Every structure is written in structure tokens, then in C-alpha cells.
């Protein structure tokens, strides 16, 4: 028996499919390992950079040398979005959680809610209180909007 009959008789098609599957799976795993190798090497070379291994009271060296960011400039659309956020923040308590404010913004249809909320935080309009809550800084808002 020769040819396709021999392949059929000795489960050659199944062996070929299993072999192709093994090779393809190996190549996929190898590509994933290579794509994430830079993270492993960065972890090995600088373990203090990662939050898990740094003591809670030690500030990373990178953050000490960072220059203080300037207040970003707002476009007209961003000023309008800031006004919308001010109205939403008024519906909350004096101290609020950012996810709650973000959820209200998404429900209300605010344009680019994540990006604009981040802009307000960087500008100091929404300030953390150190306890996990945030407050609306009306002085910073007035300074930016006027």
C-alpha cells in the first residue's frame, strides 16, 4: 500500500494536524515571550521601579527629579466641558470619588470624559484630599475659565 491509501490507513492525516497544531502553538508562545521580554528585563534590572517591591514610605527616585507640570491651556470646547463637570460636581457631596464623577459624565454625554477629567485633575481644578476622595477647587476653575 502506497500514497494516500497508506496515509489514510495509518492515521497520517491526524498526525499531520496534530503536528501543525503543535508547531503553530509553539510559535505563538514564542512570539508572546519575545514581545514581553522587555518587561522582564526591566524588572530584573530595576525592581525598585515597581510598586509591589517598594516600601510604602519611600518615594521613587524618578519622581523626585521630575519638573512641576505647568497648568495646561484649555480650548473653548474643554472650557465648556469643565463647566459641565462643575455642574456635575455640584450634584455630589463636597468630597467625591472620581469614578462616581466619571460615571455621571458618561451618563450625561460629556465629550471625551476620561481625557477631560484627567485634564481637570492635572490643572488642579479637581484636587485629591489624600484619603481617596477628591474636591472641586473653585479658585483654580475660575482662574482657568476667565
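The coefficient of translational diffusion for segment 79-146, derived via Stokes-Einstein from the alpha carbon Kirkwood radius under 25 °C and 0.890 mPa s, stands at 209 µm²/s. Distance between the pseudo-spin-label points of residue 133 and residue 36 (7 Å out from Cα toward the beta carbon): 3.9 nm.
Laboratory data are not the source of any read-out in this text; all were calculated from the coordinates shown. The shown structure was predicted, so the numbers you read here are calculated from the model rather than taken from an experiment. Cβ: placed from backbone, ideal geometry, glycine included. Neighbour counts: every protein chain shown.
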